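So the structure is just underneath, and the comments pick up after that.
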Amino acid sequence: VECSSADEALAAAGAGSDIVLLDNLAPQELHAVAAQVKAAHPGVTVEASGGIVLETLPQFLGPHIDVVSMGCLTHSAPALDFALRV
């Protein structure tokens, strides 16, 4: 479940969500919310997402973050122009 606040994340985890995606949170807030979710629901996977690039990745890594999603790996990839003749 995609969440943008501690209340949403705790509600999603409490409702039985397997994965809580914390989207577009600043690193400090992200780690605080992730710690709250893990304390209340240790079995829930916590995913960080939103605006994370290679240069800022270390700021989003932490003991309560299980998965990091980085859209820049796909939406910033250069295009390849090719043709196939059969």
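The values are calculated or read from the model by the stated rules, or taken from the named source; none is laboratory data. Because the structure is a prediction, the values reported are computed rather than measured. When we count neighbours, we look across all protein chains shown, and the Cβ atoms used for this are built from the backbone with ideal geometry, even at glycine. These accessible areas exclude ligands, DNA and RNA; they are computed on the full protein's heavy atoms, side chains included. Shrake-Rupley method; radii C 1.70, N 1.55, O 1.52, S 1.80 Å.
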Q: Could you give log10 I(q)/I(0) at q = 0.13, 0.18, 0.23 Å⁻¹ for the chain, computed by the Debye formula over C-alpha point scatterers of equal weight, without solvent?
A: -0.44, -0.70, -1.04
Q | Segments 16-22, 30-36 sorted - mean Cβ within 10 Å per residue, highest first | A | 30-36, 16-22
**Q.** With DNA, RNA and ligands ignored, accessible area of Phe82 (1.4 Å probe; Å², nearest 10)
**A.** 150
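With all protein chains present and a 1.4 Å probe, how do Asp7, Asp66, Asp23 order by accessible area, largest first? Before the final figure, lay out each step's value.
On the way: Asp7 125, Asp66 80, Asp23 25 Å².
Correct descending sequence by accessible area is Asp7, Asp66, Asp23.
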Q. Roughly what percent of Cα-Cα pairs across region 14-57 reach past 16 Å?
A. 36
Q.
Among Thr74, Val53, Ala40, whose Cα projects farthest towards the positive end of the dipole of region 2-76, with charges put on the beta-carbon of Lys, Arg (+1) and Asp, Glu (-1)?
A. Ala40
Q: Count the net charge of all other residues whose Cβ sits under 14 Å from the Cβ of Asp66, scoring Lys and Arg as +1 and Asp and Glu as -1.
A: -1
Q | Amide H partners (placed H, <5 Å) of Leu21, local residues excluded | A | Glu2, Cys3, Glu47
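Report relative contact order for the chain in percent, whole number only (criteria: Cα-Cα under 8 Å, sequence separation at least 6). Don't skip to the end; give the middle numbers.
On the way: 120 pairs, mean separation 20.9, N = 86.
That works out to 24 percent.
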(Q) On C-alpha positions alone, give me the angle between the axis of helix 27-40 and the longest principal axis of the chain, in degrees, nearest 10. (A) 50
Q) For Val68, which sequence-distant residues (separation of 5 or more, or a different chain) have an amide H within less than 5 Å of its own amide H, given hydrogens modelled in the peptide plane? A) Ala48
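How big is the charge dipole of region 1-70 about its Cα centre, in debye rounded to the nearest 20, if each Lys and Arg gets +1 on its Cβ and each Asp and Glu gets -1 on its Cβ? Could you put the intermediate results ahead of the total?
On the way: 1 positive and 9 negative charges, 38 e Å.
For this selection, approximately 180 debye.
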Q: Using label points projected 7 Å from each Cα along Cα→Cβ, tell me how many nm separate Glu8 and Gln28, to one decimal.
A: 2.1
Q: Find, among the GluC sites (Glu not before Pro) in the chain, those assigned to loop by DSSP (not H, G, I, E, B) with at most 13 other beta-carbon atoms within 10 angstrom.
A: Glu55
